[in-house]
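Okay, so here's the structure we're looking at.
The values are calculated or read from the model by the stated rules, or taken from the named source; none is laboratory data. Bear in mind the structure is a predicted one, so any value in this text is a computation, not a measurement. Backbone-built Cβ (ideal geometry, glycine too); neighbour counts: all protein chains shown.
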Amino acid sequence: MLSLGRGAAPVGLDISGNTFRVAQLKPSADKPVLINYASLKAPLGLINEGEISDIDGVAKALAAFWRQQRISEKKVVVGVANQKVIVRVVEMPYMTETDLRSAIQFQANDYIPIPMEEAIVDFQIISEHENDEDEKVMDVLIVAVRKDMVENLINAVEGAGLKPVIIDVSSLAFARTVMGNGVKPIIEELPDYPGATALINVGSNLTDIVVIEEEVPRFTRISSVGGDTFTEALIDQLGVSLEDAEALKIGIGLPAVEGSEGDEDVLEVDIAPDMQQYVEVVNNILEQEMVKFIAEIRRSLDYYLVQATKAKGIDKVVVSGGGAKLRNFLRHLKENLQIEAELAHPLHSVQVSKKLNGTDIDSEELSMAICIGLAMRGIEK
């Protein structure tokens, strides 16, 4: 989406949260090879709910990041991710791509709540079929972002001495990683019960929700609730520092879900002895926030199902993002949504190069979905 040029093997750059992440892929006959990955905890105040608030600060942080990691490649595919990014799937009469571009420019205000003079709009034809009146129509994925937001992003990246060759939508990048470039369905759908798969990426201050139906993204939404929401609740109610709140959140997590002892949970660890006295209060605070988070997810999925033309339900939820590392997170999601849920495996979409083997890359996997998806966009033919 929003292509600004082509690069041979640009780096996928995710700066949507409070940690900057880069992934570089090398094309391969099989899966692309992940040849470089790095992350940087960004200084506070640079990014606000996915939008750059300090252009110079981001530029300096990225320039230092590139020097520190000795990344030689300057071309990057960078994602945009906040509630001002509009993604719609609309049905339009069959026409040529040239005519479609003109039609979208003319009719964009019917689909996009941004004045055309303030927006950058792109589209992709995702299917062609006949409607109930036997007319040939197309399903078109339309993306719109505010020009000023993209300009700030480009200025920050170029200020770091980098060259943005493609601007992509972070939620679509993460879906590309989880589902693969072909966006193959995770489960087999029954002919008389077309279903859909929900993908949820829980970042630090944003959560991407994407619904895949018939192998393509049909719905996206970005929520301002993320992993930081849980941390902030601990700070507010316990009066502890940011560092202590993070330690309590990670060390204790959510309470166990009754009857789920047999569930596989790769994130299960023992609670440190010095945190035992805080278990009950931390459990309660985090559970309150989890109830709100799940309500947000449920509203989004219900909205999708109301306007879906074919899907009758959500068959599975696949979760990625650093926020999903919270102890018992997946179990609470599964129990309250009453939908099969599993953790995503972004590294399954790539081959990991030998030089990255033996690093702590496996522990970072859940957080890598967006930057890998951006890098995958960069090597598409």
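Points worth noting:
- Within the option set LEU326, LEU356, being in contact with a Gly (Cβ under 6 Å, 6 or more places away or on another chain) and either more than 22 Å from GLU213 (Cβ to Cβ) or touching a residue at least 40 places away in the same chain (Cβ under 8 Å) (or both) holds for one residue only, LEU326.
- Residue within segment 138-153 that is without any contact (Cβ under 8 Å) to a residue 12 or more places away in the chain and more than 23 Å from GLU215 (Cα to Cα) present: yes
- In this structure, ALA64 does not satisfy being closer than 22 Å to GLU364 by Cα, crowded, with 19+ Cβ neighbours inside 10 Å and not aromatic (Phe, Trp, Tyr).
- Qualifying residue in segment 11-24 (condition: farther than 28 Å from ARG146 by Cβ and in contact (Cβ under 8 Å) with a residue 60 or more places away in the chain): yes
- Any hit, segment 113-122, residues being in contact with a strand residue (DSSP E or B) (Cβ under 6 Å, 6 or more places away or on another chain), under 24 Å from PRO32 (Cα atoms), modelled with pLDDT under 90 and not in a strand (DSSP E or B): no
- Meets criteria (touching an Asp or Glu at 6+ places or on another chain (Cβ under 6 Å) and in a strand (DSSP E or B)) for ILE126: yes
- So ARG377, is it under 16 Å from ALA173 (Cβ atoms), of a type in the set (Lys, Arg) and in contact (Cβ under 8 Å) with a residue 60 or more places away in the chain: yes
- Long-range neighbours under 8 Å by Cβ, at least six apart or interchain, first residue without any contact (Cβ under 8 Å) to a residue 40 or more places away in the chain and assigned to a helix (DSSP H, G or I) within segment 229-250, second buried (at least 17 other Cβ atoms within 10 Å of the Cβ) and of a type in the set (D, E, K, R): THR231/GLU246; THR231/LYS249
- In segment 39-51, the condition of being out of contact with any Ser or Thr (no Cβ under 9 Å at 6 or more places or on another chain), surrounded by 20 or more Cβ atoms within 10 Å (Cβ to Cβ) and either on the phi < 0 side of the Ramachandran plot or not in a strand (DSSP E or B) (or both) is met by no residue.
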